1. Can you give me the number of residues within the stretch 107-138 that are of a type in the set (Val, Ile, Thr) and either under 37 Å from the mean Cα position of the chain (by Cα) or at positive phi (or both)?
2. Filter the stretch 103-139 down to the residues that are free of Cβ contacts under 8 Å to residues at least 24 places away in the same chain, among the β-branched types (Val, Ile, Thr) and more than 28 Å from GLU163 (Cβ to Cβ) and list them by number.
3. Kindly check whether there is at least one residue in the stretch 309-316 that is more than 27 Å from LYS360 (Cβ to Cβ), buried (at least 18 other Cβ atoms within 10 Å of the Cβ) and within 36 Å of the chain's Cα centre (by Cα).
4. Just for the stretch 294-306: of the residues that are closer than 14 Å to ALA254 by Cα and in contact with an Asp or Glu (Cβ under 7 Å, 6 or more places away or on another chain), which one is surrounded by the most Cβ atoms within 10 Å (Cβ to Cβ)?
5. With respect to MET315, is the statement that it is hydrophobic (A, V, I, L, M, F, W, C) and at pLDDT 95 or above true?
Amino acid sequence: MNREQLLGRYRELQDYVGWSDEDAGRVRRVKPLIESHIPALVDDFYAEIKRHPDANKVFVADAQVARLKVSLKIWIDQLFAGPYDSDYLLRRWQVGRRHVEVGLDHIYAAAALSRLRQGLISAVRENWPPEWGDVSQTTDSLRTLIDLDLAIIEDSYALAYQERLQRGERLAAIGQIAGGVAHELRNPLNVVKTSAYFLLNAKSLSPERVREHLNRINRQVNHANDVITALSSFAKPPAPQLNSVSVIECVKGALERYPPPQGIQLVCDLPDTLPQVNADATQLGIVFGNLIRNACDAMPAGGTLTLTAASSDGMVEVRVMDTGTGIEPENLAKITEPLFSTKAKGMGLGLAITHAILTKISGKLQVTSQKEQGSTFSVRIPVGSGASES
């Protein structure tokens with residue numbers, strides 16, 4: 001929040017509570033009445049904090065408390081002297097951010113400020129000259145000003161605390177991604193290293209053995225490239241290049257790139273007569289590639305992969321069905337969340353990318369699953385101009 005936005009927010013709060021120039025004048029007028037009480041009020045402020053272990057643990061050194069007492073005295077001086085402008089406001093704003101930095105729970109700061117308010121009002125009443133008339137207007141103005149200060153401090157605290165939480169979440173996400181990338185890349189790199197060592201050191205290699213190891217290296221390099229592509233696609237997904245696309249051709253292309261391994265029977269019902277959709281063929285290929293690979297990974301002991309397609313109600317629907325391990329009911333709602341994965345390896349980005357791609361073309365992804373019986377992923381895409389780039 002910049003200075004102009006902050007000042008506008010403060011002016012709005014002043015209007016809300018009815019703060020006026022007359023209030024400011026009344027507060028300034030009583031500054032001489034409370035000056036002799038300030039040192040005792042400052043000492044009481046931190047003495048009260050020290051009585052609460054959770055608050056006191058923030059202040060570990062007497063020198064730190066001594067500096068804070070000086071700061072609090074300046075804060076009180078400014079409270080009564082004004083002017084209540086953007087510089088005044090920024091100093092209040094920094095108080096809330098500082099509380100987050102030192103780890104002081106705002107509840108203690110609010111309670112201590114309430115105690116300070118009581119002390120200041122008592123000092124005003126105690127020293128109020130009778131010839132000045134009724135004291136209540138002045139104490140009301142002082143209460144309002146301190147409430148405004150507290151509102152700004154708490155607003156600043158809440159924003160700074162949220163920023164701190166978000167930084168922590170980002171760091172945690174980076175760590176999770178880094179761990180997933182390291183796991184995904186370490187295996188192919190080990191294979192490449194092993195084959196390279198073999199090719200460099202083995203004697204009398206036949207052309208077949210050379211080709212075998214070169215193919216192994218090529219496969220693992222492709223796998224590493226797929227990991228990096230998935231990460232890049234998630235971090236900065238490209239805008240879809242929309243064209244009239246055959247969904248069936250996209251499915252067949254994905255099958256060519258990711259053929260089911262040995263032990264998995266493939267059953268297809270993919271009629272070529274289905275209407276075309278307005279989509280990005282490359283991105284649809286990623287969608288179906290992710291679903292086919294996930295289905296095969298769910299059947300480590302073998303099984304049946306069934307692909308069907310049909311159209312109805314202006315939509316083309318493709319179903320990817322497996323007879324694998326299934327998904328726990330409590331995980332069904334999480335499977336498209338970034339970094340969520342039930343696999344022993346993997347970054348948990350495939351279905352998140354799939355969901356993002358389909359959303360951009362007004363498509364839908366639905367899943368049903370039964371434990372140890374398999375899962376069905378249904379992709380529904382609008383026919384023709386029903387897609388959008390937004």
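The values are calculated or read from the model by the stated rules, or taken from the named source; none is laboratory data. Predicted, not measured: the structure shown is a model, and the values here were computed from it. Note that each Cβ is placed from the backbone with ideal geometry, even for glycine, and that neighbours are counted across all protein chains shown.
1. 1
2. ILE121, VAL135, THR139
3. no
4. Going through the qualifying residues, I end up with ALA295.
5. So MET315 does not fit the description; no.
Residues checked against (1) farther than 14 Å from PHE80 by Cα; (2) in the same structural domain as GLY96 (by TED's automatic domain parsing); (3) part of a helix (DSSP H, G or I):
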| site | (1), (2), (3) |
| --- | --- |
| GLY8 | yes, yes, yes |
| ARG11 | yes, yes, yes |
| ASP15 | yes, yes, yes |
| TRP19 | yes, yes, no |
| GLU22 | no, yes, yes |
| PRO32 | no, yes, yes |
| GLU35 | no, yes, yes |
| ASP44 | yes, yes, yes |
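Yes or no, residue by residue, for (1) within 32 Å of the chain's Cα centre (by Cα); (2) loosely packed, with under 14 Cβ neighbours inside 10 Å:
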site	(1), (2)
ALA224	yes, no
VAL227	yes, no
TYR258	no, no
PRO271	no, yes
THR282	yes, no
VAL287	yes, no
ILE292	yes, no
PRO329	yes, yes
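Listed here are the residues, each with its yes/no results for (1) assigned by TED's automatic domain parsing to the domain that holds GLU163; (2) modelled with pLDDT under 85; (3) closer than 15 Å to VAL27 by Cα; (4) surrounded by fewer than 19 Cβ atoms within 10 Å (Cβ to Cβ).
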| position | (1), (2), (3), (4) |
| --- | --- |
| LYS73 | yes, no, no, yes |
| LEU79 | yes, no, yes, no |
| ALA110 | yes, yes, no, yes |
| LEU120 | yes, no, yes, no |
